[in-house]
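The values are calculated or read from the model by the stated rules, or taken from the named source; none is laboratory data. These figures come from a predicted structure and were not determined experimentally. Please note: Cβ atoms are built from the backbone with ideal geometry, for glycine as well, and neighbour counts cover all protein chains shown.
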Amino acid sequence: MQINYQETSKDLLKRIDIHEKYGARDIDKWNIEVLNPQPGNKILDVGCGAGKQCFLYSDYTKGQADITGGDFSEELLSKAREKLSARGDKNIMFQFLDFNKSFAFPNNSFDFLSSAFAIYYAADLKFTFTEAQRVLKPGGRLFVTGPLPENKQMFYDIIKEASNQPIPPMPGSSRFKGDIFNTIDSIFSKTELLTFENPLTFPEVQPFVDYVRASLSEDRKLWTSMFNNKEEYENLIRKIEQVATRWFTRDGKLVMTKVVGGILAIK
Ligand SMILES: C[S@@+](CC[C@H](N)C(=O)[O-])C[C@H]1O[C@@H](n2cnc3c(N)ncnc32)[C@H](O)[C@@H]1O
């Protein structure tokens with residue numbers, strides 16, 4: 001399955017900012033609790049975007065882990081490199097990596113490989129996770145996070161009510177527990193599914209609408225079945241804002257719960 005999806009730094013950083021501002025829990029803490037990166041570890045983060053997880057691992061190990069972030073978006077890699085040069089970490093490297101192609105690393109290279117909200121877009125899951133397994137050291141860990149089907153129920157309900165249209169299939173949540181878990185399980189020696197829930201409470205409608213814009217944005221190519229041009233897009237956003245306002249007036253707040261799955265596997 002080829003997925004025509006593209007992330008932009010503007011939309012990605014906006015969503016991260018909103019998670020941080022309105023979320024009750026911190027997904028970074030969960031990531032660290034699960035992986036517990038150690039000084040001396042060799043780490044690969046696939047679909048690293050603007051480098052969020054790489055900087056997290058570097059901070060946690062006080063710059064003592066050897067970290068590579070790979071992404072196929074040159075725009076996001078430049079953002080990551082910009083931040084890297086501002087921070088001055090010497091132990092992180094960002095490089096081009098397309099997870100639909102062979103990974104440019106020898107066998108048995110990494111202690112762990114993480115991929116946050118990214119690798120589940122892979123066109124051929126068997127191929128991509130076989131590559132992930134190949135580059136891990138024996139006993140190395142894979143940690144893949146992504147949305148579960150229950151994720152952001154309120155967000156999808158509001159969009160359904162506003163648009164009167166079915167939600168386009170989301171490549172992550174529709175196959176995370178099924179195809180993705182099963183593929184990893186068939187390649188790795190031990191696989192388990194962890195979950196993380198984070199309610200985002202919006203004290204007003206505007207930040208919710210900002211989140212909607214950063215998700216539905218035409219540039220990401222995930223939601224384009226819902227509109228044909230800028231005008232239709234703006235119409236849809238207006239309708240979503242109206243429904244959200246109705247819900248907000250009724251309930252006094254808007255709560256959107258992120259329900260994240262983490263597949264942890266051992267080579
Ligand atoms: C939702 S973002 C997550 C980024 C980052 N892990 C984070 O949590 O901030 C998904 C990332 O997957 C990347 N991506 C999508 N398809 C890819 C591919 N074929 N190869 C490598 N990266 C890809 C996108 O460019 C984007 O950076």
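In the stretch 157-182, the residues that are modelled with pLDDT under 90 reach residues that are buried (at least 17 other Cβ atoms within 10 Å of the Cβ) and polar (S, T, N, Q) with C-beta atoms within less than 6 angstrom, at least six apart or across chains, in these pairs: Ser173/Asn151.
The conditions of being within 12 Å of the ligand (Cβ to nearest atom) and either hydroxyl-bearing (Ser, Thr, Tyr) or farther than 25 Å from Glu75 by Cα (or both) are not met by Ser58.
Out of all the residues in the stretch 46-54, is one or more away from the ligand (no atom under 12 Å from the Cβ), of a type in the set (A, V, I, L, M, F, W, C) and either over 21 Å from Val259 (Cβ atoms) or assigned to a strand (DSSP E or B) (or both)?
Let us first name the residues in the stretch 46-54 that are away from the ligand (no atom under 12 Å from the Cβ), namely none.
There is no residue in the stretch 46-54 that is away from the ligand (no atom under 12 Å from the Cβ), of a type in the set (A, V, I, L, M, F, W, C) and either over 21 Å from Val259 (Cβ atoms) or assigned to a strand (DSSP E or B) (or both).
In this structure, does Asn41 turn out to be more than 15 Å from the ligand (Cβ to nearest atom) and in contact (Cβ under 8 Å) with a residue 40 or more places away in the chain?
Values: more than 15 Å from the ligand (Cβ to nearest atom): yes; in contact (Cβ under 8 Å) with a residue 40 or more places away in the chain: yes.
Here the answer is yes, as Asn41 does meet what is asked.
State whether the residues of the stretch 210-217 include one that is surrounded by fewer than 16 Cβ atoms within 10 Å (Cβ to Cβ) and closer than 17 Å to Pro166 by Cα. Taking every residue of the stretch 210-217 in turn, none turns out to be surrounded by fewer than 16 Cβ atoms within 10 Å (Cβ to Cβ) and closer than 17 Å to Pro166 by Cα.
The single condition among (1) over 24 Å from Leu193 (Cα atoms); (2) within 12 Å of the ligand (Cβ to nearest atom) that Ile16 does not meet is (1).
Can you confirm whether Phe143 is touching a helix residue (DSSP H, G or I) at 6+ places or on another chain (Cβ under 9 Å), touching a residue at least 60 places away in the same chain (Cβ under 8 Å) and buried (at least 20 other Cβ atoms within 10 Å of the Cβ)? Judged against the criteria, Phe143 is not a match. For the stretch 218-256, the candidate set comprises residues that are touching a residue at least 60 places away in the same chain (Cβ under 8 Å) and in contact with a Phe, Trp or Tyr (Cβ under 7 Å, 6 or more places away or on another chain); within that set, the residue that is surrounded by the fewest Cβ atoms within 10 Å (Cβ to Cβ) is Lys221.
Taking each residue of the stretch 92-103 that is under 14 Å from Lys126 (Cβ atoms) and at pLDDT 95 or above and looking for partners that are more than 6 Å from the ligand (Cβ to nearest atom) and not in a loop (DSSP other than H, G, I, E, B) with beta-carbon atoms closer than 7 Å, six or more apart or interchain, yields Phe99/Val46; Phe99/Ile119; Phe99/Thr128; Asn100/Thr128; Ser102/Glu131. List the residue pairs whose Cβ atoms are under 6 Å apart, where the first residue sits in the stretch 189-217 and is over 30 Å from Leu35 (Cα atoms), the second is modelled with pLDDT under 95 and among the acidic types (Asp, Glu), and the two are 6 or more positions apart or on different chains. Going by the 6 Å Cβ cut-off, the qualifying pairs are Ser217/Asp11.
Report yes if Ile27 is among the β-branched types (Val, Ile, Thr), surrounded by fewer than 18 Cβ atoms within 10 Å (Cβ to Cβ) and within 13 Å of the ligand (Cβ to nearest atom), otherwise no.
Details: among the β-branched types (Val, Ile, Thr): yes; surrounded by fewer than 18 Cβ atoms within 10 Å (Cβ to Cβ): no; within 13 Å of the ligand (Cβ to nearest atom): yes.
The answer is no for Ile27.
Checked against (1) in contact with a Lys or Arg (Cβ under 9 Å, 6 or more places away or on another chain); (2) within 12 Å of the ligand (Cβ to nearest atom); (3) modelled with pLDDT of 95 or more, Gly63 passes all but condition (2). Restricting to the stretch 222-267, what's the tally of residues that are among the charged types (D, E, K, R), under 28 Å from Asp26 (Cα atoms) and in contact with a helix residue (DSSP H, G or I) (Cβ under 6 Å, 6 or more places away or on another chain)? Residues meeting the conditions: 2. Please verify whether the stretch 72-95 includes one or more residues that are of a type in the set (Ser, Thr, Tyr), near the ligand (Cβ under 8 Å from one of its atoms) and touching a Gly at 6+ places or on another chain (Cβ under 8 Å). The answer is yes, given that some residue of the stretch 72-95 is of a type in the set (Ser, Thr, Tyr), near the ligand (Cβ under 8 Å from one of its atoms) and touching a Gly at 6+ places or on another chain (Cβ under 8 Å).
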